[in-house]
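Structure record follows, encoded as structure tokens.
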Amino acid sequence: MISRDELRQLAAFECQARNELAITFYFQPSTPQDKSHREETILAKDLVRKTLQELQLNSQSSAALDDLNLILRVAETLHGNQARAKAIFACSGRGLWKEFDLPPVQSPTRLFVNRRFHLKPLAAVFSEHPRLWVALLDRQSARFVEIQFEQMREQGSISSSLPRRGRSDGFAGYDAGHSERHVEDEARRHFRSVADFLKGAAERHQYEALVIGCQDVNWPDFERQLHPYVQNRLLGHFSVDLRGVTDDEARSQGERILRDVLNRHHQSLIREALDGSRSNGRGVTGLRRVLRAVEQGEAECIIMTQEYSARAVECTNCGHLDSHLVSYCPACGRATRQLSDVCEALVPATIRNNIGLVLVPPQEGLDRVGNIAAVLRFRADRNTNQLLAS
Ligand SMILES: [Zn+2]
């Protein structure tokens, strides 16, 4: 799997010489259930062969042809239902070849030949796959599982043995009540030690998001013990009996809650951007304003549809991006180059500048404003106005 640092290095890459080309290859296997898997690998090979032919016809970079031949060889080994999603980034002109297994990303099998790597399907991977812990517990025991990129790892367990109920020596009335209270105390003590374990793990940054599975009857008592640190990372809980639950069930419940939370979060970001834009607040819509917000350091998070694409120009000198297809840069006056898709330059810029990127399915509100919007950290013009007014 790719790390954040590796993603940043890819985002910083740009071809310099004329004959250099940056090649990006995404392979997305079909699910084992559907039998079109073979077709997917045939499609991958055809895609590479076709691009090879086009480059040969244009007698472009021989280094790029070498890269494509290598990718073709990898594509030929992609068979069997076990094949994972894969990404390859290559520029042999600069001695670069990176190959990664990926979680199922929002990208079909595709090949891109450009000045930069195509990173859009990866830019959202870390925010959509936080390190997630699922804590499973009852009144006596607990165990903790980490889930990231479809992999599960056991992270520890706690077992507090409850005393057996008193065998009623003495007056039943008094002792029965007494031992019940004792059991309650033991359960509370157990919940507290589970909560402490989670607090320690949160402080050591062992997880970014948390889901809890327990019986509904235990949830209020346990929730009360959670430290605010832990509550900040808590996405939700589900009802489960610890003795019967399998790892796969815990994982699918954890992932379901994560997806719900992410969806709600994305919808609230869209609302924030649209409302902010209407009220001249912390939101902008449309490519022109989004590009300006990025250039001015205002953008906190860009939201676009998965298939968003738009033509633009890029200044060959200062890097200014413009949605108007002008031949000369309005900022510095030097020549611009055309981008068939603004995302080629915009996505690497978001990664380099730590701007969030959220890819969403097509939806009406976003469609009406051109399928791209941004939430802002601040508004430069308004701050200036406030300064002038004060
Ligand atoms: Zn310029």
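Only the coordinates and a few stated rules stand behind these numbers; no lab work does. Here the structure is a predicted model, which means the values were calculated and not measured. Reconstructed Cβ throughout: ideal geometry from the backbone, glycine too, with neighbour counts over all protein chains shown.
May I ask for the angle, rounded to the nearest 10°, between helix 380-389 and the longest principal axis of the chain, with both axes built from Cα atoms and the value confined to 0 to 90°?
Around 80 degrees separate the two axes.
Using the 10 angstrom Cβ neighbour count as an exposure proxy, how do CYS332, CYS315, CYS91 rank, fewest first?
In increasing order of surrounding Cβ atoms, one gets CYS332, CYS315, CYS91.
Using DSSP to call loops (not H, G, I, E or B), can you name the trypsin sites (Lys or Arg not before Pro) in segment 184-271 whose Cβ has at most 11 other Cβ atoms within 10 angstrom? Numbers along the way, then the final one.
Working: sites: ARG188, ARG189, ARG192, LYS199, ARG204, ARG224, ARG233, ARG243, ARG251, ARG256, ARG259, ARG264, ARG271; in loops: ARG204, ARG224, ARG243.
Passing both the DSSP loop test and the Cβ count: ARG204, ARG224, ARG243.
Please give the contour-minus-distance gain from SER309 to ASN58: 0.36 nm per residue of separation, less the Cα-Cα distance, rounded to one decimal in nm. Let's see the in-between values first.
Numbers: separation 251, 0.36 × 251 = 90.36 nm, distance 2.53 nm.
Answer, rounded to one decimal: 87.8 nm.
Using 0.36 nm times the number of residues separating ALA331 and GLU150, minus their current alpha carbon distance, what extension gain do you get?
Stretched fully, the ALA331-GLU150 segment lengthens by 60.6 nm.
Could you size up the charge dipole of the chain around its Cα centre, putting +1 on the beta carbon of Lys and Arg and -1 on that of Asp and Glu, and report it in debye to the nearest 20?
860 debye
Shape of the chain from its Cα gyration tensor (a ≥ b ≥ c, root eigenvalues): rounded if a/c is under 1.5, otherwise prolate when a/b > b/c, or oblate?
oblate
Given contacts defined as C-alpha pairs under 8 Å and at least six residues apart, what's the relative contact order of the chain, whole-number percent?
Relative contact order comes out at 14 percent.
Can you work out the FRET efficiency for the pair ASP221 and ARG271, with r the C-beta to C-beta distance and R0 = 35 Å, to the nearest 0.05?
Numbers: r = 35 Å, r/R0 = 1.01.
Using R0 = 35 Å, I get an efficiency of 0.50.
Just want to confirm a number: the relative contact order over segment 299-383, from Cα pairs under 8 angstrom separated by 6+ residues, in percent.
It comes to 43 percent, rounded to a whole number.
Compute the convex hull volume of the Cα atoms of segment 187-305, divide it by the residue count, and report the result per residue in Å³ as a whole number. Before the final figure, lay out each step's value.
Details: hull volume 17.7 nm³, N = 119.
That works out to 148 Å³ per residue.
Helix 37-57 against the longest principal axis of the chain: what's the angle in degrees, Cα atoms only, rounded to the nearest 10?
That works out to roughly 30 degrees.
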